[in-house]
Amino acid sequence: MSGGRPVGAGRGREASTGQGASAGSAGTSLGEEVYEVFARKKRGDALRHVGCVDAPGSALARVYAWKTYDEENWFEMCVVPRKAILPAGPPSGRPASG
Amino acid sequence: MPRQYTEAELKAEEALKAKIRKGHILESPAEMTPGYHRAIVVQLTVQADTELMSAPAYWFAARHAPSTNTQVSAHAIIQDELAHANIAYRLLEDMGVSKERLVYGREPHEFKHPYGFDQPLDNWAELVVANGFFDRAGITLLSDVHRNTSYGPLKRALVKVDMEETFHLRHGEVWMRRLARAGGAAAELLQRCVDWMFPMTIEWFGLPDDLKRHSGQLDYRLKGLTNDELRQVWMSSTVPLCEELGLSAPAHYDEAAKQYVLDYPFPCQYDPEDKRWLFGEGEITWDAVFERWKGRGPMNEIYVDSVRRSRQSVAAWLN
């Protein structure tokens with residue numbers, strides 16, 4: 001049903017980026033993949049997750065992220081391919097907080 | 001039609017609802033039950049389609065912007081709407097729903113945006129009243145979702161949306177005020193906008209609570225307020241705005257009932273050619289309203305085509 005992510009493989013682990021389908025979400029006919037977007041509002045602030053974009057490569061992912069998440073005058077923004085984000089945590093695969 | 005639930009599935013749905021009542025937030029589609037999944041997909045599809053179809057409606061109207069400054073602000077609003085649509089479709093994709101199919105694979109009449117965004121906006125006054133009325137409806141609905149939703153990724157995505165819709169609303173109000181102050185032809189045109197766009201927005205909030213079929217959106221805490229409550233929230237800022245600007249809106253505050261009351265038969269029939277509500281023909285059934293919505297409005301195909309006309313040719317070059 002939802003997303004195509006193997007249930008139990010770090011359940012809730014991708015929570016900080018907010019999404020499920022780590023391996024799924026293969027592309028559209030324009031060959032896009034998912035990039036997570038992180039941004040820092042000003043010096044000294046935490047880099048926080050602000051959303052995600054679909055893009056057919058890292059160059060366009062950077063452009064799409066900058067144009068899509070333009071609600072703040074960010075000091076810094078970066079994009080990370082979703083598939084590069086690896087869940088880490090207790091061996092059971094259960095997040096500590098449940 | 002959804003199949004019957006088994007007893008175990010029903011139990012799982014009830015267990016999730018109980019957790020959500022205690023404040024539980026879901027963070028991934030993998031944590032959803034089928035019932036939750038179905039309800040949030042419906043909600044997000046309406047949200048995404050509405051944002052997407054507002055863009056061509058505003059884009060066609062932006063040609064009427066009276067200065068380079070207003071060209072910029074009108075197009076900035078369109079850019080925001082497209083980004084909001086993009087973000088909502090992206091969330092849907094994580095739920096296993098294909099953005100490709102939703103945006104490029106459906107017939108124009110299958111989109112789920114409100115009937116209001118099937119109408120032509122024919123002059124600058126109509127565009128700014130759309131910002132003042134339609135975008136206010138957007139904020140009313142989405143700020144309620146933002147405050148209440150049990151889906152974490154959506155809650156975070158709506159921070160941007162709320163911030164920007166507030167700017168659209170302010171743009172609409174500032175310009176409505178300028179046109180109203182100018183008086184004469186400008187104020188008359190503004191009144192003409194209110195006459196068709198006020199009831200259009202009222203209808204947008206959907207079935208009254210006493211007729212509402214059970215959707216699960218409240219049980220799964222995908223929103224906090226009912227349709228009638230949301231309609232009241234919208235009127236509680238729109239009616240005073242109209243009064244302040246000397247515009248006549250077909251609703252008033254009833255002191256005894258402590259709520260806003262409509263001064264016309266609701267729901268009633270609409271003549272899209274003439275942009276006029278047929279108050280004189282009296283109240284109609286909601287089935288008749290759904291029939292009109294299903295038939296879509298005059299700009300439906302033109303708007304849908306305008307956001308996707310070159311998709312196939314460019315995809316063909318690339319593949």
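The values are calculated or read from the model by the stated rules, or taken from the named source; none is laboratory data. Since this is a predicted model, take the numbers as computed values, not measurements. Glycine also receives a Cβ, built like all others from the backbone with ideal geometry; neighbour counts cover every protein chain displayed. All accessible areas refer to the heavy atoms of the entire protein, side chains included, with ligands and DNA or RNA removed. Shrake-Rupley method; radii C 1.70, N 1.55, O 1.52, S 1.80 Å.
In nanometres, what is the gap between the two model label sites at B:Arg177 and B:Ser310, each 7 Å from Cα along Cα-to-Cβ?
A separation of 3.9 nm, rounded to one decimal place.
With a cut-off of 8 Å between alpha carbons and a minimum separation of six or more residues, what is the relative contact order of chain B in percent? Could the numbers behind the result be given before it?
On the way: 372 pairs, mean separation 63.7, N = 319.
Here the relative contact order equals 20 percent.
Total accessible area buried between chains A and B, 1.4 Å probe, in Å² to the nearest 100?
Working: alone 6480 and 15570 Å², together 19660 Å².
Buried surface at the A/B interface: approximately 2400 Å².
Order the following by accessible area, largest value first: B:Ser215, B:Ser54. Probe radius 1.4 Å; ligands, DNA and RNA are ignored. Display every interim value, and only then the final one.
Working: B:Ser215 60, B:Ser54 0 Å².
Descending accessible area places them as B:Ser215, B:Ser54.
Residues of B:86-93, mean number of Cβ from any other protein chain within 10 Å of their own Cβ, rounded to a whole number? Can you show the working numbers first?
Working: counts 6, 5, 0, 1, 8, 4, 0, 10.
For this peptide, the per-residue mean of nearby foreign Cβ atoms is 4.
Using a 1.4 Å probe, what is the accessible area per residue for chain B, in Å²?
Roughly 45 Å² per residue, with all protein chains present.
Rounded if a/c is under 1.5, else prolate if a/b is larger than b/c, else oblate: which is the stretch B:9-318, with a ≥ b ≥ c the root eigenvalues of its Cα gyration tensor?
Working: a/c = 1.66, a/b = 1.25, b/c = 1.33.
Oblate is the answer for the stretch B:9-318, as a/c is 1.5 or above yet b/c matches or exceeds a/b.
As a quick test, which of the pairs B:Lys17/B:Lys223; A:Lys67/B:Lys112; A:Lys41/A:Lys67 have an alpha carbon distance above 19 angstrom in this structure?
Values: B:Lys17/B:Lys223 13 Å; A:Lys67/B:Lys112 26 Å; A:Lys41/A:Lys67 15 Å.
Too far apart for the 19 Å limit: A:Lys67/B:Lys112.
Shielding by partners for A:45-52, please: the mean number of other protein chain Cβ atoms within 10 Å of each residue's Cβ. Write out the running numbers ahead of the final one.
On the way: counts 0, 0, 0, 1, 2, 4, 10, 7.
Other-chain Cβ atoms within 10 Å of each residue's Cβ, averaged: 3.
Can you run phi through the Karplus equation (6.51, -1.76, 1.60; θ = phi - 60°) for the stretch A:71-81 and list ³J(HN,Hα) in whole Hz, with x for Gly and Pro?
Listing the rounded values in order: 6, 10, 8, 4, 6, 8, 9, 9, 10, 9, x Hz.
Leaving out same-chain residues fewer than 8 places away, which aspartates and glutamates sit with a Cα under 20 Å from that of B:Lys22?
B:Glu13, B:Glu14, B:Glu31, B:Asp144, B:Asp219
Determine the order of B:Arg308, B:Arg156 by accessible area, beginning with the largest, at a probe radius of 1.4 Å. Can you show the working numbers first?
Values: B:Arg308 50, B:Arg156 90 Å².
Highest to lowest solvent-accessible surface, that is B:Arg156, B:Arg308.
Once amide H atoms are placed 1.01 Å from N in the peptide plane, what residues at a sequence separation of 5 or more from B:Gln259, or on another chain, have their amide H within under 5 Å of its amide H?
Excluding prolines and chain starts, which carry no amide H, the hits are B:Asp254.
Which residue fluctuates the most in chain B, going by a Gaussian network model with Cα springs under 10 Å, if the choices are B:Arg192, B:Arg181, B:Arg221?
Maximum fluctuation in the GNM of chain B, among the listed residues, is at B:Arg181.
Within 10 Å of each Cβ in B:269-277, how many Cβ atoms from other chains are there, averaged over the peptide? Don't jump to the answer; show the numbers that get you there.
On the way: counts 0, 0, 0, 0, 0, 0, 0, 0, 0.
For peptide B:269-277, the averaged partner shielding equals 0.
Roughly to the nearest percent, how much of the accessible area of chain B is carbon and sulfur, given a 1.4 Å probe?
Working: 7860 of 14390 Å².
With neighbouring chains kept in place, the figure for chain B is 55 percent.
Once ligands and nucleic acids are excluded and a 1.4 Å probe is used, how much of B:Ile284 is accessible, expressed in Å² to the nearest 10?
40
Does the stretch B:20-101 come out rounded, prolate or oblate by the C-alpha gyration tensor, with a ≥ b ≥ c the root eigenvalues, rounded set by a/c under 1.5 and, if not, prolate when a/b is larger than b/c and oblate if not? Present the calculation step by step, with values, prior to reporting the outcome.
Values: a/c = 3.59, a/b = 2.65, b/c = 1.36.
Prolate is the answer for the stretch B:20-101, as a/c is 1.5 or above and a/b outweighs b/c.
Once the whole set of protein chains is in place, how much accessible area is left on B:His252, using a 1.4 Å probe, in Å² to the nearest 10?
Roll a 1.4 Å probe over it and B:His252 shows about 80 Å².
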